[in-house]
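Here the structure comes first, spelled out in structure tokens, and everything after it is commentary.
Laboratory data are not the source of any read-out in this text; all were calculated from the coordinates shown. This one's a predicted model, so the numbers in the text were calculated from it and none came from an experiment.
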Amino acid sequence: MSMELPVCLWPAGAELGEGPLWHAASASVYFVDIRGRRVHRCAPDGTQRRSWDAPGRPGFIVPANDGGGFIVGLDDGLHRFDPESGAFFLLRAVEADQPNNRFNDGFVDADGSLWFGSMDAGEADPTGSLYSLHPGGRLTTVDSGYIITNGPAMSPDGATLYHTDTLGKTIYAFDVAPDGTATRKRVFIATAAPGHPDGMAVDADGNLWVAMFRGERIDRYNPAGELIGTTAFPVSNITKLAFGGADLRTVFVTTAWKGLSADERAREPLAGGLFTFRTDTPGLPQHTFSLQDIA
């Protein structure tokens, strides 16, 4: 249950805000604007804002544990991003042979594996895939045939992976073996409600929080797939959320103005902003990825 209404921390005006990340080491929030080709950072109260231009469309950002820095999924693969210099360095090419694809969403699990998805930039062809990059550098294609991949997230025990087919309005669950292999794909949630399921996050109780693009809300489901709550927003396009703050009970939420008409944008002046609210149930800690595992 949310304890307060969402408020806008930073009216960033992101065309396609995505990938909020609570970076505990610097007590700051990072997020990306995919279409604006920018990486943003601020303090948890919305101050100390800083932005960097990216040499491509940044689909996600996750923290690295080797000398600081971050991993960012850009058009041609996985890059290291150094916020001190603002520089990006290509670490591993992924889908460099698919120029019409881009990356869209990713996260690091407790075992240090990076899960991330690709998609058709034109949002028309099923050329997207879900990948996992395991410790040691093994890259696996987990699933394919998606137009828009979204929201990879993991249950607290690491046994269940959740992944979204946004245009299909379906969230799938997979069993995850100890070696990181994902099997037994099945429908977890098929939603006919307004909006499309976008990015997701799991809380400490195993509930799945789903950002609804064109849905003006975040929906919350228990591990059985039952809708147990919703949080309404003053903007249409909710893209993803992350739990943060010292107690992991502060939720940070990205939004977008992509696809809004001029009239809709006038009615939603905060579209593309970074929002926050508090919740009773804490989230899970953000894990880091080892740069040694990426080559």
Exercise. Return the single residue from Ser132, Ser118, Ser85 with maximal mean-square fluctuation; model: Gaussian network over the chain, springs between Cα atoms under 10 Å.
Key: Ser85
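How long is the gain from Asp280 to Arg138 if the chain were fully straight, where each residue apart is worth 0.36 nm and the alpha carbon distance is subtracted? Don't skip to the end; give the middle numbers.
Values: separation 142, 0.36 × 142 = 51.12 nm, distance 3.77 nm.
Residue separation times 0.36 nm, minus the Cα-Cα distance, leaves 47.4 nm.
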Quiz item: Can you list the aspartates and glutamates whose alpha carbon is less than 17 Å from that of Lys185, not counting same-chain residues fewer than 8 positions off?
Solution: Asp143, Asp165, Asp175
Quiz item: So what's the back-of-envelope 222 nm ellipticity for the chain, counting only DSSP H runs of four-plus at -39500 (n - 2.57) apiece and dividing by all residues, rounded to 500?
Solution: -500 deg cm²/dmol
Quiz prompt | Full-extension gain in nm, Ser26 to Ala190, via 0.36 nm per residue minus C-alpha separation | solution = 55.3 nm
Quiz item: Among Ala201, Ala192, Ala182, which one moves the most in a GNM of the chain with springs linking Cα atoms closer than 10 Å?
Solution: Ala192
Practice problem: Please provide three numbers in whole Å: the alpha-carbon extents of the chain along the principal axes, with the largest listed first. | Solution: 45, 44, 40
Quiz item: Using 0.36 nm per residue, how much length does the chain from Leu291 to Ala232 gain when fully extended, once their Cα-Cα distance is taken away?
Solution: 17.4 nm
Quiz prompt | Choice from Thr164, Thr47, Thr239 with maximal GNM fluctuation in the chain (Cα, 10 Å cutoff) | solution = Thr47
